[in-house]
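This report refers to the structure that appears directly beneath it.
The values are calculated or read from the model by the stated rules, or taken from the named source; none is laboratory data. What you see is a predicted model, and the numbers here were worked out from it, not measured in a lab. Neighbour counts run over all protein chains shown; Cβ positions are idealised from the backbone, glycine included. Please note that ligands, DNA and RNA were not included when accessible areas were found on the heavy atoms of the full protein model with its side chains. Shrake-Rupley method; radii C 1.70, N 1.55, O 1.52, S 1.80 Å.
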Amino acid sequence: MTQPEVLLSVENVSLTFGRVQALAHVSCEVRQGEIVAIIGPNGAGKTSLLNCISNFYRPTSGRIRFAGRDLARVPASRIAPLGIARTFQNIALYTGLSTLDNLMAARHIHMKSGFLGCLLYWGFGHREDLAHRLVVEEIIDFLEMQHIRKAVVGALPHGLRKRVELGRALALEPRLLLLDEPMTGMNQEEKEDMARFILDTYERRDVTILLIEHDMGLVMDIADRVIVLDFGKKIAEGTPEEIKQNPDVIKAYLGQEHGTL
Amino acid sequence: MSVLRPAGEFDASYAYDMATIRRPWQWAALFLLIAALYTLPLYASQGLVALLNRTIIVIIAVQGLNLLTGYTGQISLGQAAFMTVGGYISALLVNLLNWNYLPALLAAAVGAGVVGLLFGLPSLRVKGFYLVMATLAAQFIIPWFTRNAFHDVLNGAQGLNVRPPELFGIVFNTPQRYFMLTLTLLILTTVVAQNVSRSRLGRAFVSIRDHDLAAELLGVNLFKYKLQAFFLAAVYAGIAGSLAAHQLRHLNSETFGLNDSVLMLGMLVVGGLGTGMGPFLGAVVIELLIEAATVLGPVVASYFPSTATGAVQALRPLLFGLALMLFLIFEPRGLAHRWQLFKAAWRLRPFSH
Ligand SMILES: Nc1ncnc2c1ncn2[C@@H]1O[C@H](COP(=O)(O)OP(=O)(O)O)[C@@H](O)[C@H]1O
Ligand SMILES: [Mg+2]
């Protein structure tokens, strides 16, 4: 069996904020069709790495390539059309819009109606909205959000907002999905739902997933491969089994409170 | 996940769900309302029609501001300046070049839009307070320009006498006739604003307002859409400015001032930012308040003779300020929010209480 192609490659990436070294010479690869988890203590640089991959931050040095393309030359608003979607650790939904409209807003990159077309909203513009509504409704069904379809998301509870954000990312129809702590702040039941949604997404939507998660049990269950960051450095990489036994990882985790692996 | 799927009953039901006006009786009611409005000049007093003209012009300008501030979240204090641009453009085209009013109006709209877009350029680098300052610049530069540049055409501080519009052989020189013009344009601007708000463009605007960083990572080109919002807002201002100038028959650098820009922002807050009804409710309530102040002024003055002229002059800004404060405290989401709640309750009637 040949190895699937490398979708994302992070090459020797460093990122500094003043004196803080958020990332130090990090390299890793994600192949088409994998689920890769990034773990590490708080402040390890996990979010920073995701931010670099989604061009939200520009690495101080090093290079990131997606599907062979150097992201340094891609403006932030071209990241989604390339096929990268993400969710945020602190949820970044359009709070004034309904669930439906949050997802519709994400269809932006797949729609073609221009300025005048939107002013007139006649014929094509209207038909296009209808067609994309079908795609969005499919995602709403898939994530079991029918009951909050018309609810303004700012007023939804945390767990549901996380789910809407996943839905919004899926509405982009990405090739690579970046999830920043998709289950933080959830109760056990919500976590299990979310894990199920992530796995279903993976299976049914032909998407590669790179996720940050604190819940080790879940990471071990769903990830093909795990990357461990500590103080901005990659200290280990391997299958969940290998990671569990890695002495460096155990040490990094014993150093802090939630040192359970 | 394919976009191309056979159309079926879902399409029909989603189309229904997405429609602004859904039921036949709503269409009928709307039609009757419009018909009633068009025949209003036949029985309403000249004073009322003149007040309506004024209010409609303000509503149009506030609708534009709503697209920029309410939907896109870019606060602007330049709306009155762009009205000045629109007013001057159509006044000059009609006066000097004998243009027909329709193309002159179109030129006023587009011209104001382009100027608005230029003053929107700083929005790409700055937000919030700093952007307010940048739009405020328009409020100083544009009147200054009309006073000091091209004196032989713009006539300096004196300004211009403006001819009433003439279309299809009709001269729109009475409030009643003018009402046909303002009402028609209001219907157009309302339809366009509604289209924007429910389309791809409106969703891009709101994404920028609600979370610009996320919007960018979701593929919204902030540069492009912010400028489009500034352009649209100024197009609306241009239309309103042109209508106002040809109605007043006079225009100078002070016809539309900073206080108007502030007033319109206040109307938007009172009416409800980012809602279709907001500009209507806000403009009507504030205009009524101003009317009340004009009527009440002399009454108040008769009770406090020592401050007579002061009281009359102070009453308008006082009432406006008071209304704004009360709304910010008690109904920060504006009257449109009340209206929504009312509609929701109405749909649930017999069960609501
Ligand atoms: N925008 C920023 N400005 C300054 N420092 C930052 C910024 N973003 C992250 N950092 C710093 O970089 C380090 C890594 O942060 P982060 O990537 O958020 O960690 P994690 O997601 O693993 O908890 C931390 O020390 C944090 O304070
Ligand atoms: Mg983080």
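Observations on the model:
- Set B:PHE179, B:PHE223: member being farther than 30 Å from A:ILE53 by Cα and touching a residue at least 60 places away in the same chain (Cβ under 8 Å): B:PHE179
- Scan of segment B:182-218 for residues that are touching a residue at least 12 places away in the same chain (Cβ under 8 Å) and of a type in the set (A, V, I, L, M), ordered by number: B:LEU183, B:LEU185, B:LEU186, B:ILE187, B:ALA193, B:VAL196, B:LEU201, B:ALA204, B:VAL206, B:ILE208
- Filtering A:ALA92, A:ALA44 for residues that are more than 17 Å from the chain's Cα centre (by Cα) and not in a strand (DSSP E or B) leaves a single hit, A:ALA44.
- Some residue of segment A:176-198 being within 14 Å of another protein chain (Cβ to nearest Cβ), free of Cβ contacts under 8 Å to residues at least 40 places away in the same chain and part of a helix (DSSP H, G or I): no
- Within segment B:94-106, the presence of at least one residue that is under 17 Å from the mean Cα position of the chain (by Cα) and either open to solvent by 10 Å² or more (accessible area, probe 1.4 Å) or over 24 Å from B:TRP144 (Cα atoms) (or both) is confirmed.
- Candidates A:ARG196, A:ARG205, filtered to the one that is surrounded by fewer than 18 Cβ atoms within 10 Å (Cβ to Cβ), modelled with pLDDT of 90 or more and within 18 Å of the chain's Cα centre (by Cα): A:ARG196
- Conditions (1) within 15 Å of ligand 1 (Cβ to nearest atom); (2) within 14 Å of chain B (Cβ to nearest Cβ): number failed by A:THR201: (1)
- Restricting B:LEU186, B:LEU121 to those that are out of contact with any Ser or Thr (no Cβ under 9 Å at 6 or more places or on another chain), among the aliphatic types (A, V, I, L, M) and more than 29 Å from B:LEU32 (Cα to Cα) reduces the list to B:LEU121.
- With respect to the stated conditions, A:TYR94 fails to be farther than 30 Å from A:GLU241 by Cβ, within 14 Å of chain B (Cβ to nearest Cβ), touching a residue at least 40 places away in the same chain (Cβ under 8 Å) and within 16 Å of ligand 2 (Cβ to nearest atom).
- Scanning segment B:36-55 for residues that are without any contact (Cβ under 8 Å) to a residue 12 or more places away in the chain and within 18 Å of B:ILE286 (Cβ to Cβ) turns up just one, B:LEU48.
- For segment B:162-220, the tally of residues that are over 28 Å from B:ALA15 (Cβ atoms) and either modelled with pLDDT of 95 or more or not basic (Lys, Arg) (or both) stands at 27.
- Unmet criterion (only one of (1) within 13 Å of chain A (Cβ to nearest Cβ); (2) open to solvent by less than 20 Å² (accessible area, probe 1.4 Å); (3) of a type in the set (A, V, I, L, M)) for B:ALA240: (1)
- Selection count where residues are in a loop (DSSP other than H, G, I, E, B) and open to solvent by less than 80 Å² (accessible area, probe 1.4 Å), scope segment A:1-19: 2
- Residues in segment B:210-234 that are more than 10 Å from chain A (Cβ to nearest Cβ) and buried (at least 22 other Cβ atoms within 10 Å of the Cβ) were compared, and the one that is farthest from A:ASN102 (Cα to Cα) is B:ALA234.
- Of residues in segment A:41-62 being more than 16 Å from ligand 2 (Cβ to nearest atom) and within 14 Å of chain B (Cβ to nearest Cβ), the one nearest to A:PRO174 (Cα to Cα): A:ASN55
- Tally of residues being over 19 Å from B:ALA214 (Cα atoms) and either at pLDDT 95 or above or open to solvent by 20 Å² or more (accessible area, probe 1.4 Å) (or both) across segment A:98-129: 12
- Scanning segment A:20-40 turns up at least one residue that is within 16 Å of ligand 2 (Cβ to nearest atom), more than 14 Å from chain B (Cβ to nearest Cβ), buried (at least 19 other Cβ atoms within 10 Å of the Cβ) and outside any strand (DSSP E or B).
- Qualifying residues in segment A:130-151 (those that are under 20 Å from A:ARG204 (Cβ atoms) and more than 9 Å from every other protein chain (Cβ to nearest Cβ)) - the one surrounded by the most Cβ atoms within 10 Å (Cβ to Cβ): A:VAL136
- Test: residue in segment B:216-239 that is over 18 Å from the mean Cα position of the chain (by Cα), assigned to a helix (DSSP H, G or I) and more than 19 Å from B:GLY116 (Cβ to Cβ): yes
- In segment B:75-93, the residues that are more than 22 Å from B:MET267 (Cα to Cα) reach residues that are in a helix (DSSP H, G or I) and among the β-branched types (Val, Ile, Thr) with C-beta atoms within less than 8 angstrom, at least six apart or across chains, in these pairs: B:TYR88/B:THR146; B:LEU92/B:VAL153.
- Looking only at segment A:48-73, and only at residues there that are within 9 Å of ligand 1 (Cβ to nearest atom) and crowded, with 20+ Cβ neighbours inside 10 Å, the one that is nearest to the chain's Cα centre (by Cα): A:LEU50
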